[in-house]
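The values are calculated or read from the model by the stated rules, or taken from the named source; none is laboratory data. As the structure is a computational prediction, the values presented were derived from the model and not from experiment. Please note: Cβ atoms are built from the backbone with ideal geometry, for glycine as well, and neighbour counts cover all protein chains shown. Ligands, DNA and RNA are excluded from the accessible area calculation, which covers all protein heavy atoms including side chains. Shrake-Rupley method; radii C 1.70, N 1.55, O 1.52, S 1.80 Å.
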Amino acid sequence: YQRRVRGASSYSMQTVLSRVAIAAAAAGLLLRVTRPRMAHRVWAGVLYLVFLLTRSERVRIWASVAKARSAQISLPSGAIQISSSDTCRVGDGDVLRGSLLLPADGGGPFPTVIIRTPYGRTEDFGQKLLAERGFAVLVQDTRGRFSSDGDFVPVRDERDDGAATVDWVLQQPWCNGRIGVTGVSYLGFTAWAAIGTSGSKIGAGFITVSQARVKPAVVRPGGAFSLELAVLWLYLVLHLMRDMEQDPQSFFRKMAAGWWDSTVSKAMMHLPLCEVDQIILGKKMQFLQDGLVSYDNPGSDFWDDKDVLHDFSGPMPPVHLFTGLYDMFLEQCLDDFSKSPESARITIGPFSHWGVIRWDGLLSRCMVQTFEEHLQDKPQTSTPRVRVAVLGAGRSWAEFHDWPPASV
């Protein structure tokens, strides 16, 4: 009797599993036929999870191939190798450190893309995507952040440090003399800063939800203080990420504690503004205090070395600006585009500053095509100068030569 029951139970479970497998296969086939790009994207996600569990380089390459097919970009050319590197010295001898990604099959020198970040060089900013396609990529911690020496003062040193980094890269044997810069949000600030000081040495830029001036991002055109940007950025960079290098799990503990205490909500609703840093950080932050004092104060020199990253007066490489209709930086980004040369391109999608991550497929395609065209001389399909999402029309896009269009 027990054998009969076990046999029935086993048969029943096998039947259930078989039907689930058949249903999953049918759903996958239907998705492959009706939404092939979505199928590749799902497959890429599954493979990446397998890679996280197995750390198999072969599985990672399979995931990269699936992502490439989903994003409609060139397939990866091979494996990559990653090493840590002490890069240039800045200021009083502070060393900036980074991660260097190179194609593993040798060869070279390579066209090189620079990414400078205050968020940690191990985060994913598309560096592997580029290295798999024949680029050398340097992901560098900005001054005073994570592995780099010095004191971190937002924006202040990015022009000088960007210029020093470009000059250092040009001297390296793995760089063929062709350089690109890229970055999202604050990383876009560092890209603009490098263009502002070394525009003649840079061959291309791809800049996402960012702008070439900093003050308009903090003080809105109508005069309002950008509380959302200040609170969320201070909370992320100077609180949640503060101890990540020594204790990676501290990020999640602090995030859970902040959710329980409603730290962000309290800071958003608090007056006076000069006490917001104490709510977020538990202490006063001189940078914020000085910034608030400078508000509507013509005699303040606070913004003299922190506002203009690129003034568009000097040499400028071809750039592709990637922004959103709901991005807090949209207005200044459009102004940047209007001042850029004819070689500039802009994509304006239906997303906010924080929502750009949901459009990683389109972002990856635009980034790879930009650098392949200008740093590897690979011809691309003709693209309009302006591509903007049409709201209320599904995923429709309009194309123009200028913005605003000449007919408006």
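The angle between the Cα long axis of helix 360-375 and the longest principal axis of the Cα atoms of the chain comes to about 60 degrees, rounded to the nearest 10. For Trp397, the accessible surface of its heavy atoms amounts to roughly 60 Å² (probe 1.4 Å, protein chains only, rounded to the nearest 10). A dipole drawn for the stretch 246-405 from +1 and -1 charges on Cβ atoms has a positive end, and of Gly361, Leu321, Ile279 the residue lying farthest that way is Gly361. Anisotropy class assigned to the stretch 97-246 is prolate, per the alpha carbon gyration tensor with a/c at or over the 1.5 cut-off and a/b larger than b/c. Using a probe of 1.4 Å, the accessible surface attributed to Tyr326 totals some 140 Å² when neighbouring protein chains are kept in position.
Calculate what fraction, in whole %, of the accessible area of the chain sits on carbon and sulfur atoms when a 1.4 Å probe is rolled over the protein chains. Carbon with sulfur: 56 percent of the solvent-accessible area. Compared with the dominant Cα axis of the chain, that is its longest principal axis, helix 186-198 is turned about 50°.
Can you find, among Leu375, Gln249, Ser70, the residue farthest towards the positive end of the dipole of the chain? Put +1 on the C-beta of Lys and Arg, -1 on that of Asp and Glu. With unit charges placed on the Cβ atoms, the residue in question is Ser70. Take every Cα pair under 8 Å whose residues are at least 6 apart in sequence, average their separation, divide by the length of the stretch 63-152, and the relative contact order is 30 percent.
The magnitude of the dipole of the stretch 85-155, with charges of +1 and -1 set on the Cβ of Lys/Arg and Asp/Glu and taken from the Cα centre, is near 140 debye. Only Lys, Arg, Asp and Glu carry charge here, each on its Cβ (+1 for the first two, -1 for the last two); on that basis the chain has a dipole of about 2720 debye about its Cα centre.
Classified by the C-alpha gyration tensor, the stretch 210-319 has an oblate form. Its axis ratio a/c, with a ≥ b ≥ c, is 1.5 or above, and a/b does not exceed b/c. Normalised per residue, the accessible area of the stretch 102-183 is 32 Å², obtained with a 1.4 Å probe and no contribution from ligands, DNA or RNA.
Distance between the 7 Å Cα→Cβ label points at Val95 and Ser226: 3.5 nm. Solvent-accessible area per residue in the stretch 252-408 equals 56 Å², computed with a 1.4 angstrom probe and all protein chains kept. Ranking Trp259, Trp62 by solvent-accessible area of protein heavy atoms (1.4 Å probe, all protein chains present), from largest to smallest, gives Trp259, Trp62.
To the nearest 10, the accessible area of Lys283 is 120 Å² with a 1.4 Å probe.
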